[in-house]
Amino acid sequence: MDCPLNYERLPLTTPLSEIVFTVYDTEATGFQVSKNDRMIELGAVVVNGMEVCEERQFQTYVNPHRQISREITELTSISKEMVENAPNALEAISSFFEFVEKSNSASFVGHHVAFDMLVLKHELKREKLSYRKYISIDTLDLIRAVSPQQEGKDLETYAHAFRTKIYQRHSALGDALTTAHLFVELLRRLEDKGIRTFGELLRLARK
């Protein structure tokens, strides 16, 4: 399954102010997503022109076809009743990719995005599918470039540190919105450091 990102058609010299990003987050039944844990929510929002487009957002619960523990329900506020009539993972990912394509996005963005990519990867693997042709940028990598003294991974801590908006925690859409505002602030600070094009951002994120 190809990710519908448009980065292959985008010159690396394209200014950051002209790029569309999809900032996303997932919630799951636990952290062992390569084994038994499953996705239960997927949320995303568009960043365009270094602005968060809150009106362009995506959210769906996902039926994991397994029990949600009390601890996860307490953490995420997602209950069995909220997911029992929700789409399965493949349907949710397909709808998400349609959203990405309509947004004309060049790259995924996430906070500790490797975990979210693993969630998608293993949900597709269960359907004997894989995803190809994608780029993802982790806000943690950008934070290290902007403020090397910062440590840890907690999203809310960084949102406080960079004085950006905080939405409902441990909600896929809420964390995507929080990440998006943090990402935009990081882009502005990177621009002040001379990082102004798509290629420069990618090189920085891959260091």
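In the range 104-207, the portion of solvent-accessible area held by carbon and sulfur atoms comes to 46 percent [1.4 Å probe, whole percent, DNA, RNA and ligands not counted].
What does the charge count around K102 come to, taking other residues whose C-beta lies under 15 Å from its C-beta (Lys +1, Arg +1, Asp -1, Glu -1)? Net local charge, K102 excluded: -2.
Once the Cα atoms are used to define both axes, helix 113-126 deviates from the longest principal axis of the chain by about 40 degrees.
Between the residues V52, L118, A89, the greatest Cα displacement towards the positive end of the dipole of the chain, with unit charges on the Cβ of Lys, Arg, Asp and Glu, is found for L118. DSSP assigns beta bridges within the chain; of those with both partners inside it, close to 70 percent run antiparallel.
Charged side chains reduced to their Cβ positions (Lys and Arg at +1, Asp and Glu at -1) give the chain a dipole of some 620 debye around its Cα centre. If I model a spin label as a point 7 Å beyond the Cα along the Cα-Cβ vector, how far apart are those points for R163 and L90 in nm? Modelled inter-label distance: 4.9 nm.
Remark: the Cα gyration tensor places the range 55-98 in the oblate category, a/c being 1.5 or greater and a/b not exceeding b/c. Helical content alone sets the calculated 222 nm signal of the chain at -12500 deg cm²/dmol, taking -39,500 (n - 2.57) per DSSP H segment of four or more residues and averaging over every residue.
Computed with a 1.4 Å probe over protein heavy atoms only, the accessible surface of the chain comes to 50 Å² per residue. Once the Cα-Cα distance is subtracted from the 0.36 nm per residue extended length, the T14 to R126 segment shows a gain of 36.6 nm.
The values are calculated or read from the model by the stated rules, or taken from the named source; none is laboratory data. Predicted, not measured: the structure shown is a model, and the values here were computed from it. As a convention, Cβ positions derive from the backbone with ideal geometry for all residues, glycine included, and neighbour counts pool all protein chains shown. To get the accessible areas, we keep the full protein, side chains included, count just its heavy atoms, and leave off ligands, DNA and RNA. Shrake-Rupley method; radii C 1.70, N 1.55, O 1.52, S 1.80 Å.
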